[in-house]
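The next block holds one structure in the form of structure tokens; read it before the comments.
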Amino acid sequence: MQLNPYLVYNGDCEAALKFYQNALGARIETMLLFEAAPADMPMPPDWKKKVMHAVITVDGEVLMASDAPPDRYRAPQGFSVALQVENPAEAERRFKALADGGAVTMPFGQTFFSRGFGMCTDRFGIPWMVNCPAET
């Protein structure tokens, strides 16, 4: 069994995935656009270049994503995508990259439970937690 987050975007999924390539070193494995759907599938005329389904990997971990049709999009709430990064400097670099153009909820820094931890929402509205676990 595999459990993967599926992120839904407000028409900017492709831009988000390219952002994650730069910010996290993500690799886009699959990006299927709505234009590949059967002709009888209902969709707005300007939606053909939007993402119907995508798969990216970040350090071997899988995230899936797509654009939501305009009448079905809801802003993310009640979850965060959590990154565990072993090196504190790399964790902070990734946090800053994700926060660029977004909003910092909790600045990255050492905590009682980690060598570095921070929370942000990226420029696409996705909430993130970046953690560098305490040494054991």
Open item on the list: With just the Cα atoms defining each centre, how far is region 106-120 from region 49-74? Give it in Å.
Closed with: 27 Å
Open item on the list: Could you give the length gained by full extension between Glu61 and Phe112, i.e. 0.36 nm per residue of separation minus their alpha carbon distance, to one decimal place?
Closed with: 15.7 nm
Open item on the list: Angle check, please: helix 13-24 long axis (alpha carbons) against the longest principal axis of the chain (alpha carbons), in degrees 0 to 90, nearest 10.
Closed with: 20 degrees
- [ ] Using only Cα positions of region 6-67, each an equal point scatterer, no hydration layer, compute I(q)/I(0) via Debye at q = 0.18, 0.25, 0.26, 0.29 Å⁻¹ and quote the log10 values to two decimals.
- [x] -0.60, -0.99, -1.05, -1.22
Task: Scattering curve values for the chain, log₁₀ I(q)/I(0), Debye with Cα scatterers, q = 0.15, 0.20 Å⁻¹ - done: -0.74, -1.18
TODO: Count charges around Ala89 for me, please; just the other residues with Cβ under 14 Å from its Cβ, Lys/Arg as +1, Asp/Glu as -1.
DONE: +1
TODO: Once you have the Cα-Cα distance between Glu86 and Arg27, take 0.36 nm times their residue separation minus that, and quote the gain in nm to one decimal.
DONE: 19.3 nm
TODO: Out of all DSSP beta bridges with both ends in region 81-133, state the antiparallel percent to the nearest 5.
DONE: 75 percent
- [ ] Please give the helix 88-99 orientation as an angle from the longest Cα principal axis of the chain, in degrees from 0 to 90, rounded to the nearest 10.
- [x] 40 degrees
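Each reported figure results from applying straightforward, stated rules to the coordinates on display, with no laboratory input. A quick note: this is a predicted structure, and the numbers were derived from the prediction, not measured. Don't worry about glycine lacking a Cβ; one is built from the backbone with ideal geometry, like all the others, and counts go over all protein chains shown.
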